[in-house]
Amino acid sequence: MLASGAGQGTHGLVTRAQNKAGLVAVILVLAAIGASIRSVNYAFYTAAIAGVVLIGLDLPHPTDLAAEARRVVFTFIGVGIAILVTVLANQLQKRSAARGKGNPSTASGVS
């Protein structure tokens, strides 16, 4: 959910940028955010850097700013899905480990 909100915020920044200088400012803001959160959360760092790369790749050959913003939003939505799947996988792993502790035959590897 947070990743989707961040994507929407980035969408607003990109669509309000009127020229290349505005996009460079958006790139600098996203890069600063990414650098500041790298040690806190690698997933959000990766999302911010992906936004920087996607916008930066379009600077030499600009397209419609709305198209660029949609790409960034879809990237953030993908990050949100990846985080959700990771959380669910961790919960499944914890549940499997807890279930294995209750049965000594499965804990020792004998089935």
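The values are calculated or read from the model by the stated rules, or taken from the named source; none is laboratory data. Note that this is a predicted model, so its numbers are computed, not measured. As a convention, Cβ positions derive from the backbone with ideal geometry for all residues, glycine included, and neighbour counts pool all protein chains shown.
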Considering residues of the stretch 35-54 that are among the small types (Gly, Ala, Ser) and farther than 21 Å from LEU65 by Cβ only, the residue modelled with the lowest pLDDT: ALA43
Matching residues in the stretch 20-47 - criterion: being without any contact (Cβ under 8 Å) to a residue 24 or more places away in the chain and either in contact with a strand residue (DSSP E or B) (Cβ under 6 Å, 6 or more places away or on another chain) or crowded, with 18+ Cβ neighbours inside 10 Å (or both): ILE33, GLY34
Cross-chain or 6+ apart pairs with Cβ under 8 Å, the stretch 83-102 first and touching a residue at least 60 places away in the same chain (Cβ under 8 Å), then surrounded by 10 or more Cβ atoms within 10 Å (Cβ to Cβ) and assigned to a helix (DSSP H, G or I): ILE83/ALA3; ILE83/ALA43
So VAL79, is it out of contact with any Asp or Glu (no Cβ under 7 Å at 6 or more places or on another chain) and at pLDDT 85 or above: no
